[in-house]
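The values are calculated or read from the model by the stated rules, or taken from the named source; none is laboratory data. Quick caveat, the model's predicted, so the values are computed rather than measured. Cβ placement follows ideal geometry from the backbone for every residue including glycine, while neighbour counts extend to all protein chains displayed.
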Amino acid sequence: MKSKEDFKEFVKRHPELIKYVKSGEMSWQKFYELYSLYDEDDNAWSEYFNSRNVGNESKINANTSFGVGEIFNMLKNVKPEVLQQNITSIQKFLGFIGEFVGDKESTPQPRNIYTPRPTNKMFED
């Protein structure tokens, strides 16, 4: 998995990514996930590097013409070791949440219900 410093250097080389974060279209987390999955030299970044120059119309056309071929092209560029690392970390997180939630459900809390003492019994007759 790529380090944060590598990602910071990548952003310094491509300052046009800052515009997407400031406008609210993308977040740094989403950009970092793209970076960790596809690295620097992939077609996944062409949308963010070229779309400002062409305009919003090309972005709309790209979204509407997204087909099976594009999905296969994206999947073939995914690195299996990075994908496995991400899946493992998600599984660990879900396991932790399951243990946390499961522990609370499996151990019922004792209920202290107050029952008043009958008035005719004074000393545990």
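Observations on the structure shown:
- Checking 53, 120, 73, 63 one by one, the residue that is modelled with pLDDT under 80, part of a helix (DSSP H, G or I) and more than 25 Å from the chain's Cα centre (by Cα) is 53 and no other.
- Residues (part of a loop (DSSP other than H, G, I, E, B) and of a type in the set (A, V, I, L, M, F, W, C)) located in region 1-11: 1
- All positions within region 12-46 that are loosely packed, with under 11 Cβ neighbours inside 10 Å, modelled with pLDDT of 85 or more and in a helix (DSSP H, G or I): 12, 13, 22, 23, 29
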